[in-house]
Amino acid sequence: MALFRYSAGKPGFNLVTVYERYEGGPIQVEWWPRGVRKREPLRPDGKRVYDQRFAVRVADRMATHMERVLDRTRQSAILGLPEKRTLGELLSTYHDKRGTEWSPTNVKSMENMRDFWRTRLGRTTDVRQITAADVELIAAEEAVTRKWSPRTQGKYLKYLKTASRYGRLKLKWYGEEHDLSAVDVPTPDSDSEEFSLAEVRALLLALEAVDLRAAVAGHIAYVSLRRVGAIMNLPAKVDIRTMKRASGGDSARIGVVTFGRATDKVRRTAQVVLAGRALELLEMLMQLPAVQASGLMFPQGDLHDPSPSREIEKYDSFHGWLMTAAKIAGVADVKKRKWHAFKRSAATDSDAMGSLSSAAKQAGTLESTLKANYVKHRIEEKAEHAIRLAALVSNG
């Protein structure tokens with residue numbers, strides 16, 4: 001009985017052959033990538049193949065794929081025409097290459113934005129045919145229909161703009177004339193997205209009455225200028241030290257917590273220092289059975305339950321804790337400002353103390369970034385200046 005052998009494609013072009021070496025044995029595959037013969041066991045899913053009909057289908061698909069790739073390559077090389085790159089290819093490659101760098105809480109958001117643009121622009125659309133004007137118009141129309149805030153609209157535009165830039169700079173698929181660097185991203189109006197110092201004090205005190213995890217998260221958010229998405233992923237580890245203060249005087253106890261590269265927006269491991277009430281609360285939290293058993297700083301469920309199998313507390317819980325604390329403290333408009341307002345408040349307070357540079361080191365960002373995007377000029381400061389100028393004019 002003749003051994004199984006089947007060929008698909010054309011010799012010298014996209015020939016693929018699947019065959020048996022011995023009757024009933026595992027099927028082999030032979031093909032010629034870049035003119036070099038390659039032979040190996042057929043393992044499309046990591047397992048050896050014995051089904052001849054399945055091997056035929058695999059060979060046909062391989063030959064078809066090779067034909068498409070070679071046709072595009074020849075078109076580019078012989079005719080001088082660039083290869084077609086679809087939006088689906090770009091976004092899939094972008095997620096495959098960069099997805100491992102995104103925090104778990106950010107992956108779903110990135111996937112939603114990918115699906116949105118693939119639907120609105122078309123998965124098979126050539127990325128060179130997509131213009132900045134088209135993208136801006138789609139986002140603007142969607143913002144009206146779905147009542148997006150400028151921040152959400154900007155988030156969707158930044159996503160596609162960044163993916164397009166990745167295709168140009170990293171993949172070398174097209175030149176600058178075909179990326180979306182011309183897309184204008186709206187700047188959100190964030191005048192109300194800050195807590196006053198009095199509100200910060202009231203909220204931090206109220207968070208202690210809500211949940212110990214909430215209190216610790218609040219203090220870390222304010223002192224570290226970090227996002228709650230990174231804070232909630234912290235492991236139950238703190239390095240307690242006693243250090244002499246740079247300004248002199250008595251020594252102080254501090255706690256150093258480490259933000260991992262994978263879960264923080266700045267994408268690098270960074271240490272943040274806690275002191276005072278923040279450290280006291282953290283030490284109390286670290287003594288509880290659920291934290292010690294799970295190794296998580298913010299485990300779900302009863303903190304006095306020593307069961308080790310725990311998940312990280314969900315964002316909805318953090319949001320609920322803050323809303324409850326706001327009611328206790330009598331702080332309004334917290335739903336609009338949310339946890340991120342702690343960062344804006346800390347940046348403004350640090351600037352007033354003349355220590356914005358140190359705040360930037362805690363946040364893992366540039367001082368200029370905090371100055372431009374987070375420091376707010378409070379009404380009290382402007383009022384004092386206006387009163388002095390008014391007095392100057394009046395005395396004249």
*State which residue is surrounded by the most Cβ atoms within 10 Å (Cβ to Cβ) when the search covers only segment 163-180 and only residues that are at negative phi and free of Cβ contacts under 8 Å to residues at least 40 places away in the same chain.*
Asp179
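Residue by residue, here is whether (1) within 24 Å of Arg68 (Cα to Cα); (2) within 43 Å of the chain's Cα centre (by Cα); (3) not aliphatic (A, V, I, L, M) holds:
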position: Ala8; (1), (2), (3): yes, no, no
position: Val18; (1), (2), (3): yes, no, no
position: Tyr22; (1), (2), (3): no, no, yes
position: Gly25; (1), (2), (3): no, no, yes
position: Gly35; (1), (2), (3): yes, yes, yes
*Starting from residues that are open to solvent by 50 Å² or more (accessible area, probe 1.4 Å), closer than 19 Å to Tyr50 by Cα and in a loop (DSSP other than H, G, I, E, B), keep the ones in segment 1-22 and report whichever is modelled with the lowest pLDDT.*
Met1
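Go through segment 353-396 residue by residue and tally those that are in a helix (DSSP H, G or I), hydroxyl-bearing (Ser, Thr, Tyr) and touching a helix residue (DSSP H, G or I) at 6+ places or on another chain (Cβ under 6 Å).
Here the count works out to 1.
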*Go through (1) touching a Lys or Arg at 6+ places or on another chain (Cβ under 8 Å); (2) open to solvent by 60 Å² or more (accessible area, probe 1.4 Å) and name the single condition Asp250 misses.*
(1)
_Contact list please: Cβ distance under 8 Å, first residue in segment 7-23 and at positive phi, second residue of a type outside the set (Val, Ile, Thr) and assigned to a loop (DSSP other than H, G, I, E, B), pairs at least six apart or on different chains._
Gly9/Leu15; Gly12/Trp32
*asked:* Please count how many residues of segment 308-326 are within 10 Å of Leu296 (Cα to Cα), in contact (Cβ under 8 Å) with a residue 24 or more places away in the chain and open to solvent by 40 Å² or more (accessible area, probe 1.4 Å).
replied: 1
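Report, by residue number, each residue of segment 361-378 that is open to solvent by less than 20 Å² (accessible area, probe 1.4 Å) and within 23 Å of Glu199 (Cβ to Cβ). Walk me through how you get there before you give the answer.
Just the residues of segment 361-378 that are open to solvent by less than 20 Å² (accessible area, probe 1.4 Å), to begin with: 363-364, 370, 375.
Answer for segment 361-378, where residues must be open to solvent by less than 20 Å² (accessible area, probe 1.4 Å) and within 23 Å of Glu199 (Cβ to Cβ): Ala363, Leu370, Val375.
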*Report the residue count in segment 228-246 for those that are at pLDDT 90 or above, in a loop (DSSP other than H, G, I, E, B) and open to solvent by 50 Å² or more (accessible area, probe 1.4 Å).*
1
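In segment 337-360, how many residues are open to solvent by 30 Å² or more (accessible area, probe 1.4 Å) and more than 20 Å from Leu205 (Cα to Cα)? Give the derivation first.
Initially, segment 337-360 is screened for residues open to solvent by 30 Å² or more (accessible area, probe 1.4 Å), giving 338, 340, 351-355, 357-358.
Restricting the remaining residues to those that are more than 20 Å from Leu205 (Cα to Cα) gives 351-355, 357-358.
Residues flagged as open to solvent by 30 Å² or more (accessible area, probe 1.4 Å) and more than 20 Å from Leu205 (Cα to Cα) within segment 337-360 amount to 7.
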*Pairs only if they're at least six apart or on different chains, beta carbon under 6 angstrom, first in segment 116-133 and farther than 10 Å from Gly88 by Cβ, second in a loop (DSSP other than H, G, I, E, B) and open to solvent by 40 Å² or more (accessible area, probe 1.4 Å); list them, first residue then second.*
Asp126/Lys84; Ala132/Ala182
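State which residue is modelled with the lowest pLDDT when the search covers only segment 193-215 and only residues that are of a type outside the set (A, V, I, L, M) and open to solvent by less than 50 Å² (accessible area, probe 1.4 Å).
Applying the first criterion (of a type outside the set (A, V, I, L, M)) to segment 193-215 yields 193-196, 199, 201, 208, 211, 213.
Next, from what is left, pick out any that are open to solvent by less than 50 Å² (accessible area, probe 1.4 Å): 193-196, 199, 211, 213.
Details: Glu193: 69, Glu194: 81, Phe195: 89, Ser196: 89, Glu199: 94, Asp211: 97, Arg213: 97.
Per the stated criteria, the residue is Glu193.
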_Could you list, ordered by first residue, the pairs with Cβ atoms under 7 Å in which the first is in segment 275-300 and in contact (Cβ under 8 Å) with a residue 60 or more places away in the chain and open to solvent by less than 10 Å² (accessible area, probe 1.4 Å) and the second is in a helix (DSSP H, G or I) and of a type in the set (Lys, Arg), at least 6 apart or interchain?_
Leu285/Arg213; Phe298/Arg213
*Determine if segment 23-42 includes at least one residue that is more than 30 Å from Thr119 (Cα to Cα), at pLDDT 85 or above, open to solvent by 70 Å² or more (accessible area, probe 1.4 Å) and not in a strand (DSSP E or B).*
yes
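Which of the residues belonging to segment 44-55 are farther than 23 Å from Ala2 by Cα, exposed (fewer than 13 other Cβ atoms within 10 Å of the Cβ) and of a type outside the set (Gly, Ala, Ser)?
From segment 44-55, those farther than 23 Å from Ala2 by Cα are 44-47; that's our starting set.
Okay, now just the ones that are also exposed (fewer than 13 other Cβ atoms within 10 Å of the Cβ), so 45-47.
The answer is Asp45, Lys47.
The values are calculated or read from the model by the stated rules, or taken from the named source; none is laboratory data. Small disclaimer: the values here were computed from a predicted structure and weren't measured. All Cβ positions, even for glycine, are placed from backbone atoms using ideal geometry, and neighbour counts span all protein chains on display. Please note that ligands, DNA and RNA were not included when accessible areas were found on the heavy atoms of the full protein model with its side chains. Shrake-Rupley method; radii C 1.70, N 1.55, O 1.52, S 1.80 Å.
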